[in-house]
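S.K.: Structure in structure tokens, see below.
Here, each number is a calculation from the coordinates, and none is a lab measurement. As the structure is a prediction and not an experimental result, all values here were calculated from the model. Here the Cβ positions follow ideal geometry from the backbone for every residue, glycine too, while neighbour counts run over all protein chains shown.
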Amino acid sequence: MADKSWGGGDAAPGFRVRSNRAPADRAAERARLRDERSASRDAALAGRLAARAAERAAGAQARETARGDRHAAAEQLAAVDPHAAAARRSRGSGRKDIVREQRDTRGYTTLVDEGRIRELARRGASIGGLAAAFGLDVAAVAAILADATGHSDG
């Protein structure tokens, strides 16, 4: 069996066929081929970089367009139904809706405790402030404080 170095027709494409060229000529040919491969790799790399840059720019433009569309839709929803728009808004706390509701305090009553009134006055609360807090008039609070000597707790 003859081996491939004899120059048979079925030689592999990368296999060197023996020739009578000088070693310097073969070295120059290898250098030229090496430079061609390097140039083709550089061109392919530049093409890939340009394609990636164009792809990134197109993606950024698409994201910006989508963001603008979402913003316009949110503004339109807020104009129609502000409560629903607030419910859809994302918050860092995770809260989903407006929870600031006024509590109905009409049924609340403040217990008028004379000892408590005296203690708050001793701590520096004004007569007007005590009257407003307990829902009394200033004269009633003054009477409670004047009567403090008769009902001393200790």
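S.K.: Neighbouring Cβ atoms within 10 Å as the yardstick, rank Leu77, Leu45, Leu130, Leu111 fewest first. Walk me through the intermediate numbers first.
M.R.: On the way: Leu77 16, Leu45 10, Leu130 21, Leu111 6.
By the 10 Å Cβ count, ascending, the order reads Leu111, Leu45, Leu77, Leu130.
S.K.: At a Förster distance of 41 Å, what's the computed FRET efficiency of Gln76 paired with Arg106, Cβ-Cβ distance as r, to 0.05?
M.R.: Numbers: r = 38 Å, r/R0 = 0.93.
The pair Gln76/Arg106 has a calculated efficiency of 0.60.
S.K.: Once you have the Cα-Cα distance between Ala133 and Ala57, take 0.36 nm times their residue separation minus that, and quote the gain in nm to one decimal. Working shown, then result.
M.R.: On the way: separation 76, 0.36 × 76 = 27.36 nm, distance 6.43 nm.
My answer for the length gained is 20.9 nm.
S.K.: Give the residue from Leu33, Ala53, Ala86 lying farthest towards the positive end of the charge dipole for region 22-88; charges sit on Cβ (+1 for Lys and Arg, -1 for Asp and Glu) and the dipole is referred to the Cα centre.
M.R.: Leu33
S.K.: Assuming R0 = 25 Å, can you tell me the calculated FRET efficiency for the pair Ala125 and Arg95, based on Cβ-Cβ distance, to the nearest 0.05? Walk me through the numbers on the way to the answer.
M.R.: On the way: r = 36 Å, r/R0 = 1.45.
Efficiency, rounded to the nearest 0.05: 0.10.
S.K.: Another one. Put a dot 7 Å past each Cα toward the Cβ at Leu49 and Asp113; how far apart are the dots in nm?
M.R.: In this crude spin-label approximation the distance works out to 7.9 nm.
S.K.: Karplus couplings for region 21-35 from phi (6.51 cos²θ - 1.76 cosθ + 1.60, θ = phi - 60°), rounded to Hz, Gly and Pro as x?
M.R.: 6, 6, x, 5, 5, 5, 5, 5, 5, 4, 5, 5, 5, 4, 5
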